[in-house]
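Data first, discussion second: the structure below is written as structure tokens.
Read the figures in this text as sums done on the coordinates, not as results from a lab. Keep in mind that this is a model prediction, so the values were computed, not measured. Because the Cβ atoms are built from the backbone with ideal geometry, glycine has one as well, and the counts that use them run over all protein chains shown.
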């Protein structure tokens, strides 16, 4: 039973990842992405404990590097350009509800 749940979980995650990746590459099929992700998971599992720990450490370093890059760019934005003083969409209901509140009921029927 555990095997079946693992297969179903992995296939649904691969399909969801394929749908997500199609946003950036619309010319490729979702099944191509799902197959590539499944192959990547199989390769990582075939590497064994040492290979898996290496891949996990590499992904953690990438995540930390991206976090620092995000902080650097955020600091550059805050200290050079500042935050633009434009009103947000919640301060004016005409931009939040362009056809009024009754326009929302149109899509709920």
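Values computed for the structure shown
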{"read-out": "Within the stretch 17-59, backbone nitrogen closer than 19 Å to the virtual label 7 Å beyond the Cα of residue 3 toward Cβ", "value": "42-43, 45-46"}
{"read-out": "Cα gyration tensor shape for the stretch 1-79, rounded if a/c is under 1.5, else prolate or oblate", "value": "oblate"}
{"read-out": "Full-extension gain in nm, residue 29 to residue 66, via 0.36 nm per residue minus C-alpha separation", "value": "10.5 nm"}
{"read-out": "Fewest-first sequence of 13, 56 by Cβ atoms within 10 Å of each Cβ", "value": "56, 13"}
{"read-out": "Per-residue Cβ neighbour rank within 10 angstrom, fewest leading, 71, 38", "value": "71, 38"}
{"read-out": "Label-to-label distance, nm, for residues given as residue 79 and residue 20 (7 Å Cα→Cβ offset)", "value": "3.3"}
